[in-house]
Amino acid sequence: MKCRACNTEVTKFFSLGEMPLVNSFLKKDELKSEERFDLSLGFCKKCYLVQLIKIVSPKKLFRNYIYLSSNSKMFLEHCEKTAKHLVKKLGLGKKSLVLEIASNDGSQLQAFKKIGVKVLGIDPAVNVVEIATRNNIPTIAEFFNYKLARTLKTKKKIQADLVFGANVLAHVPEITDFVKGVKVILKPRGTAVFEFPYLNGLLEKKFDIIYHEHVFYYSAMALKNLFGKAGLEIYDVEKTPMQGGSLRIYIARKGVFKTKKSVENLIKEETAAGLKNIDTYHKINTGIVSLKNEIISTLKDLRRKNKRVAAYSAPAKGNIMLNYFGIKENYLDFIVDKSKTKQGLYTPGTHLLVHPLEKIYEKKLHYLLILCWNISDEIVEMKELEKYRKNGGKFIVPLPELKII
């Protein structure tokens, strides 16, 4: 296949095989008709972009979306910190407009609105947009692209002081069109800020960021090439702990702001780590196989000791782990999730019925496998699990290194 950014031949280096769509939960009568799609990664030696070999239509993935941003306390706290940080850093005020791409239920925009900044959301998931609208966050139910950006600018006279996107940059197959749209919708001295899981996580065994929604896996050097083609440049970069390790990049028109040392330093780090070389990516499989063996061995041992083990939460990353490692009812008594939109449905691929948290207390449970390991600190301290902790219940955190708390 050809690179989606520069049209150079892409080299395949890793595959999770045929996988279900990890955010497509199932009703009982849908279990036998579930679809699976290839999940393989390739590397472009010209622009250094890591990407899926085959993609699934965004309309199939995002028009009816089950993930809600507001379900995580840690994420909501992150939204508050992000809004305060960006308002101060970029000098935003009451006349400024923040436009968020893939705004979900409006959690991030609520934080900006609370400070007094004008907001507008864009998200293709109609069901999620309805929630945002009920919460008084104006949201357009569309996919963001160049055409929509032109329409908003020319017909509605909309341009943003800040274009923001959390966990969207990886989701867009037509990425060059998307980037052109960002330039159009941005004011001449505006800034676009994108936050996304960092490619380096793959080298740290965080393979569960690989799923069909994530078409791209970005390094700073790949993004420099991508935005540069549209007359935009990265002028600052920060690392955040979200999603087990994310990058936050600051984009503007070329020459508007002085490029900070953080950008140059990160690209030097990436070069030293071998992110320009295909051989680096071939090594990923070894680390994942050793992690799989360790986790499966632990679960087998608990089964032999007649310990009851349940999984906590069913996020996209968790469903990748369950499927790739083959963790089903053979190792788990059940699975629970706080999200009411998932309860009563079956997990993709592994077909575990999702229960509410109360299920934990029906029987004496010994271990909870935390599939949303990136917010494990929040889960361990949850008030709803206080009784579980007092009864001696333990937690298994599978990534990036297996540990039992």
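The values are calculated or read from the model by the stated rules, or taken from the named source; none is laboratory data. Values in this document were obtained by computation on a predicted structure and should not be read as measured data. Here the Cβ is made from the backbone with ideal geometry for all residues, glycine too, and neighbour counts use every protein chain on show.
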- Determine if region 155-171 includes at least one residue that is closer than 30 Å to Leu322 by Cα and among the acidic types (Asp, Glu). no
- Task: Could you grab me the full set of residues in region 367-405 that are of a type in the set (A, V, I, L, M) and more than 18 Å from Gly201 (Cβ to Cβ)?
- Result: Leu368, Leu369, Ile379, Val380, Met382, Leu385, Ile396, Ile404, Ile405
- Scanning region 1-17 for residues that are loosely packed, with under 13 Cβ neighbours inside 10 Å and of a type in the set (D, E, K, R), which turns out nearest to His282 (Cα to Cα)? Glu9
- Within region 18-56, residues part of a strand (DSSP E or B) and either touching a residue at least 40 places away in the same chain (Cβ under 8 Å) or closer than 22 Å to Phe196 by Cα (or both) come out as Met19, Leu26, Phe37, Leu39, Ser40, Leu41, Gly42, Phe43, Cys44, Val50, Gln51, Leu52
- Item | Any chance Val184 is over 21 Å from Lys81 (Cβ atoms), surrounded by fewer than 24 Cβ atoms within 10 Å (Cβ to Cβ) and of a type in the set (Val, Ile, Thr) | yes
- Query: What number goes with the only condition from (1) more than 28 Å from Gly17 (Cα to Cα); (2) touching a residue at least 60 places away in the same chain (Cβ under 8 Å); (3) part of a helix (DSSP H, G or I) that Asn323 does not pass?
  - Reply: (1)
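Identify all residues within region 315-325 that are under 19 Å from Asp377 (Cβ atoms) and either among the polar types (S, T, N, Q) or over 14 Å from the mean Cα position of the chain (by Cα) (or both); write none if there are none.
The one that is under 19 Å from Asp377 (Cβ atoms) and either among the polar types (S, T, N, Q) or over 14 Å from the mean Cα position of the chain (by Cα) (or both): Met321.
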- Residue check, Val336 against (1) at pLDDT 95 or above; (2) out of contact with any Pro (no Cβ under 7 Å at 6 or more places or on another chain); (3) among the β-branched types (Val, Ile, Thr), all met but one. Which one? (2)
- Message: Out of Ile278, Ile288, I need the residue that is of a type in the set (A, V, I, L, M), on the phi < 0 side of the Ramachandran plot and under 23 Å from the mean Cα position of the chain (by Cα). Which one?
- Response: Ile288
- Query: For the subset of region 116-130 comprising residues that are buried (at least 17 other Cβ atoms within 10 Å of the Cβ) and not in a loop (DSSP other than H, G, I, E, B), which member is modelled with the lowest pLDDT?
  - Reply: Val128
- Quick one: Lys60 ticks every box in (1) at pLDDT below 95; (2) under 17 Å from the mean Cα position of the chain (by Cα) bar one, so which box is it? (2)
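Yes or no, residue by residue, for (1) assigned by TED's automatic domain parsing to the domain that holds Val237; (2) assigned to a helix (DSSP H, G or I):
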{"position": "Glu269", "(1), (2)": "yes, yes"}
{"position": "Glu294", "(1), (2)": "no, yes"}
{"position": "Lys300", "(1), (2)": "no, yes"}
{"position": "Ala311", "(1), (2)": "no, no"}
{"position": "Gly318", "(1), (2)": "no, yes"}
{"position": "Lys328", "(1), (2)": "no, no"}
{"position": "Tyr331", "(1), (2)": "no, no"}
{"position": "Ser339", "(1), (2)": "no, no"}
